[in-house]
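Student: I'd like to ask you about the structure that follows.
The numbers here are math on the coordinates, done by the rules we state, and not lab data. In this text, all values refer to a predicted model and were calculated from it rather than measured experimentally. Reconstructed Cβ throughout: ideal geometry from the backbone, glycine too, with neighbour counts over all protein chains shown.
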Number of protein chains: 2
Amino acid sequence: MNGIDPIPYYLYEDQHWQEIQGAVTEEILLCIHVNGRELVTFMCTPHNPDELALGFLRSEGIISNMEDVRLLSVSDRGTCVDVWLNYSNVELPNRRIITSGCGGGVTFDDLSLRLEPLNNSGTIASNQVFERMHDLYQNAYLYRAAQGIHTSALSDGERLLVVAEDIGRHNTIDRLLGKAMKQALDTRGLVLITTGRVSSEMLVKAAKMGIPIVVSRTSSTSLSVSLAKIWNITLVGYVRHNSLRVYTAPHRIVIPDNQLFRAGGSSQPGGVGCYPDEETNLELNKAVVSGSRAAGTPWSPSPFEL
Amino acid sequence: MNGIDPIPYYLYEDQHWQEIQGAVTEEILLCIHVNGRELVTFMCTPHNPDELALGFLRSEGIISNMEDVRLLSVSDRGTCVDVWLNYSNVELPNRRIITSGCGGGVTFDDLSLRLEPLNNSGTIASNQVFERMHDLYQNAYLYRAAQGIHTSALSDGERLLVVAEDIGRHNTIDRLLGKAMKQALDTRGLVLITTGRVSSEMLVKAAKMGIPIVVSRTSSTSLSVSLAKIWNITLVGYVRHNSLRVYTAPHRIVIPDNQLFRAGGSSQPGGVGCYPDEETNLELNKAVVSGSRAAGTPWSPSPFEL
């Protein structure tokens, strides 16, 4: 499988050694050239370098769509992507910022002013969050073969539309964007689901894609929480079998009909805070709730460990 | 606590909402200037920016020791470190490589040729690996307060000498290096223990520090396994209560006296492969084995999830 390297290792367990014919995640140095000039080199998983390059260029604002690309070629060894654009007056960023999602800004103010708040009114039902995270685990092929890899997906709530895997969290987002571009899929209004921690570079990439709901298997940082508040993005973390945390804009997470009254009418702490507009949520809720996960559906037992 | 931001969130669990007074990891954009010129900006945890800057500069080869530093000042908001060197003819790297451990190299060949193989003959007992990983968990203060953070340490096998935490895996290594510089601690021959995945930039940083044994709670990538082979570094992954995986140079992991004969003399697969020089290991083993962890010592139940 491209992206997995068979590697034998020695396992020491319960005071015994054995040799295991195992595998690890493949990591390469990928170089991206634009109009013949080297733009960047980064570490990534080797499959589909074209999609990764396309997504990265769009994420960095160097291209807007496929029309901007005249030619894209991948070197024989798959470690270099040459992109030739339909215009020659492209300005490549020079600033050395060590995170691929943040070319240009230095202060938090710069960062927060760069994008407009999202006024998207989309919602997702809590059950759908659990189900799509389950789907993500099911689609984590490289992870299941060798661990040590992140998986992300774009979803309309009902199903996963595109899925991407990479050793780099932020690369998975660029890959999703590249796949979406190739399929002419509009990312705006979709839900981003990821196994990775949502640090600021992840949130910036999501915001640039017009994503109103970002769902992670794991944590958020203070900077991503602050940015999500300013940009009105719903940030969800620590999604487990039947629990999740909502850090910002909780109105986009609705609970199913049969649970709404219980929560809204109870004296549970935070119940009202979560439902500032209960009527609206009730209506939206009816529209978006899909069937609950069938009782007894096995839940992926393996939390990601990276 | 510096590095932790109190953040309230909504917890949805078992069909109930509640508001939690929680916390997330603090993330800032740190800017490093050298001789008045901006070198780099990256995301990190805000505590001890001086140590992070020192370690980063040494890791990048810009300084060799504390003698090279004339003045180091941290801005009032703690988001900028100004370093003035004792020499003005410093050449700052210009290449845009999106990983902080790898300024300059593009191909694997470049990378592998940059350092000499380590001929260090140090070893560590399997029990010591388990014990030091346990110590690492005990010292993960920021992680226990907010999760979403990595912890690394340098050890002589018997105890942890310096410990560092950051949202960035590779930042923890730079922080260790910065702390070591400030304490005039020689990193050569020490053991690196980390919660983070060992991708190539992690291994490159370890190799630059002269570390012969790299131990991780989690996975390795193909590139780090290849580099570890070439540089003769012992790469250990997936350390758990009583199990671990050795990817390269297994001769540096020795098992206690009372287990060696069983392993060496048995027909277990890989037993011989692990002990190409059984006599030597037997001797080394006696020298380095410390007391076993007392029976019944509680093991940290919380695997890191990042």
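Student: Express in whole angstrom the spacing between the alpha-carbon centres of the range A:9-57 and the range B:215-233.
Tutor: 13
Student: Here's something else I'd like to know. With the label 7 angstrom out along Cα to Cβ, how close does A:Gly189 come to the same site in each of the other copies, in nm, nearest first?
Tutor: Copy-to-copy label distances at A:Gly189, shortest first: 6.6 nm.
Student: Another question, if that's okay. Any of A:Lys182/B:Lys205; A:Lys205/A:Lys229; A:Lys208/B:Lys179; A:Lys179/B:Lys205 with alpha carbons more than 27 Å apart? Name them for me.
Tutor: A:Lys182/B:Lys205; A:Lys208/B:Lys179; A:Lys179/B:Lys205
Student: Given points 7 Å out from each Cα along the Cα-Cβ axis, report the B:Leu92 to A:Leu185 separation in nanometres with one decimal.
Tutor: If labels sit at B:Leu92 and A:Leu185, their model points lie 4.1 nm apart.
Student: Determine the shielding of peptide A:185-193 by partner chains: average, over its residues, the number of Cβ atoms on other chains within 10 angstrom of each Cβ. Let's see the in-between values first.
Tutor: Details: counts 0, 0, 0, 0, 0, 0, 0, 0, 0.
Mean shielding by partner chains, rounded to a whole number: 0.
Student: Other chains' Cβ within 10 Å of A:24-33 residues: what's the mean? Show your work: numbers first, answer last.
Tutor: Details: counts 13, 9, 3, 12, 6, 11, 2, 3, 1, 0.
Taking all residues of A:24-33 together, the mean is 6.
Student: Using a basic spin-label model with each label point 7 Å from the Cα along Cα→Cβ, how many nm lie between A:Trp84 and B:Leu115?
Tutor: 4.0
Student: Taking 7 Å along the Cα-to-C-beta vector as the label spot, tell me the A:Ile20-B:Arg70 distance in nanometres, rounded to one decimal.
Tutor: Simple spin-label model gives 5.4 nm for this pair.
Student: Between copies, how far apart are the B:Val90 label points? List them in nm, one decimal, shortest first, with each point 7 Å from Cα toward Cβ, please?
Tutor: 3.3
Student: Can you give me the relative contact order of the range B:115-180 as a percent, contacts being Cα pairs under 8 Å and 6 or more apart? Write down the numbers at each step before the final one.
Tutor: Details: 70 pairs, mean separation 16.2, N = 66.
It comes to 25 percent, rounded to a whole number.
Student: Across the range B:1-44, how large is the tail of the calculated P(r) beyond 18 Å, expressed as a percent of all Cα pairs? Mind showing how you got there, number by number?
Tutor: Details: 520 of 946 pairs.
Result for the distance tail: 55 percent.
Student: From the label point of B:Arg159, set 7 Å along Cα to the beta carbon, how far off in nm is each other copy's matching point, shortest first?
Tutor: Label-point distances to the other copies, shortest first: 6.0 nm.
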